[in-house]
1. How high is the relative contact order of the range 160-290, in percent, with contacts defined as C-alpha pairs under 8 Å that are six or more residues apart?
2. State the Cα centre-to-centre distance between the range 298-347 and the range 230-245 in whole Å.
3. Can you tell me what the convex hull of the Cα atoms of the range 177-258 projects to on average, as an area in nm²?
4. Could you work out how far helix 186-197 tilts from the main Cα principal axis of the chain, as a 0 to 90 degree angle to the nearest 10?
5. Pick out which of PRO319, PRO19, PRO62 has the largest mean-square fluctuation in a Gaussian network model of the chain, springs linking Cα atoms closer than 10 Å.
6. Would you look at the GNM of the chain, springs on alpha carbons closer than 10 Å, and say which of ALA155, ALA313, ALA15 moves the most?
7. Hey, got a sec? Which trypsin sites (Lys or Arg not before Pro) in the range 140-237 land in a DSSP loop and have at most 12 other Cβ atoms within 10 Å?
8. Report the relative contact order of the chain, percent, no decimals, based on alpha-carbon pairs under 8 angstrom and at least 6 residues apart.
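What follows draws every value from the coordinates through simple rules; no lab data is involved. Computed from a predicted model, the values in this text were never measured in an experiment. All Cβ positions, even for glycine, are placed from backbone atoms using ideal geometry, and neighbour counts span all protein chains on display.
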Amino acid sequence: MSSTVPAYAAPAEGAPLVPTTIQRRDVGPRDVRIDVTYAGICHSDIHTVQGDWGPQTYPLTPGHEIFGHVAEVGSEVTTHQVGDRVGVGCMVNSCGECRNCVRGEQQFCLEGAVFTYGDTDRDGTITQGGYATSVVVDAGFVLSVPEGIDAEQAAPLLCAGVTTYNPLKHWGAGPGKQVAVVGLGGLGHMAVKLAHAMGAEVTVLSQSLKKQEDGLALGADHYYATSDPATFETLAGRFDIIINTVSADLDIPAFVGLLDIGGAMSNVGAAPNPMSVSSGQLAGHKSVTGSLIGGIPVTQEMLDFCAAHGIGAEVEVIPADKINEAYERVLASDVRYRFVIDATTLG
C-alpha cells in the first residue's frame, strides 16, 4: 500500500523539473511520515538530475535537505512523536549492522547506504527526495531540529551544515586554530559560520574580493583573493585546517603550501578531476583528505550545536514554480547562499 503526494520531478536527463505526483509507502512499524515544510536546493540535486554523476531512473524527485513536522509514527517508534520538528538529510537507510553503521558512520555502510533520492531502497523501489509535500523515512534517519533554529534556515543544515561541520570537528577546529575556507557559497558560508562559532580564527580564500563584506559579516576574520599570487606568499604555512568547498579543479600543491606542519586540507566539494600532489609537498605531516556528509550521530550533534549558537543557513525562500529558475541561478552562482523551496506551494 502507498499514498500519492504532490512533488516536482525531472522527467528525463537534463529536462526541466515539472509538477507531478509520486508514491510514498505506508508507514511501517519503524517509519515516520513527515509533512515537508521546506526543502533546500543543493548543487548535488542539479548534478544528479542532469546525469552528471551517472545514469538515473526517471522521473526523479531530488532533495536531501528536508525540514518538516512529524505527521505519523509507526508502532515501534519511540524517538519521535506527532508534531515534532524534524529533518532528513542525505540518507534514509543503511544495514545498521556493519562496523561503520555501528560506530555511527552510516554514510559508509559496507552494504551501501540508501540515499534520499535516486537510490534503490530495501524494498527495491527508487527513492524519491524532498521536493514533495511529504516523505516516509525509517525513524533512525530522522533528525530532531531544536527550536533554536528557524524553520526556513534549518533544511540546508542537513547537507551543507553537516558536510562542513564534520571535517571541522574531525580536524579539531577551535580556539587557537587557524582555519581557511576555500569558496564562499552554499557550503563555504556554513563552514565560516561553524568555524567561527567553534572559536577558530577564520580566513576566506575566494577567487575575488566581491563577497568580502559578506564573509566578514558571517564570521570570517580575514578575506583574501586567490587570483592574487601574493596571497599564497603572504599566507604560506599559516593554516591548521583548510576546508575546500569548491567544485572546481584547484592547484592543490599551492593550497598545501598554506598548511602549517601537521595541517590538513579537507575537500568537500566535487571537483571533476583527480587531484595531484607529491609526497614531497606533503612533508611536514601535511594531509590532503576528503569528507562525505556525516553519520546520524554527528548530524544531530551539528543541529544541537547550531541551535546553541544561533546558526542557520543564509537562505532565499522560493515557491515551487521557481525551482528551474533557481537551478539556473545556482549554476550562475547567483544565490546568497542557499535556495529553499516552500513545500506548502507544491500542493
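1. Values: 269 pairs, mean separation 28.8, N = 131.
In percent, rounded to a whole number, it is 22.
2. Measuring centre to centre over Cα atoms gives 29 Å.
3. Values: hull surface 18.7 nm².
Mean shadow area of the hull around the Cα atoms is 4.7 nm².
4. Between helix and principal axis, roughly 70 degrees.
5. So, out of PRO319, PRO19, PRO62, the one fluctuating most is PRO319.
6. In the Gaussian network model the winner is ALA15.
7. Values: sites: LYS169, LYS177, LYS193, LYS210, LYS211; in loops: LYS177, LYS210, LYS211.
Passing sites in the range 140-237 are LYS210.
8. Details: 824 pairs, mean separation 63.4, N = 347.
The value is 18 percent.
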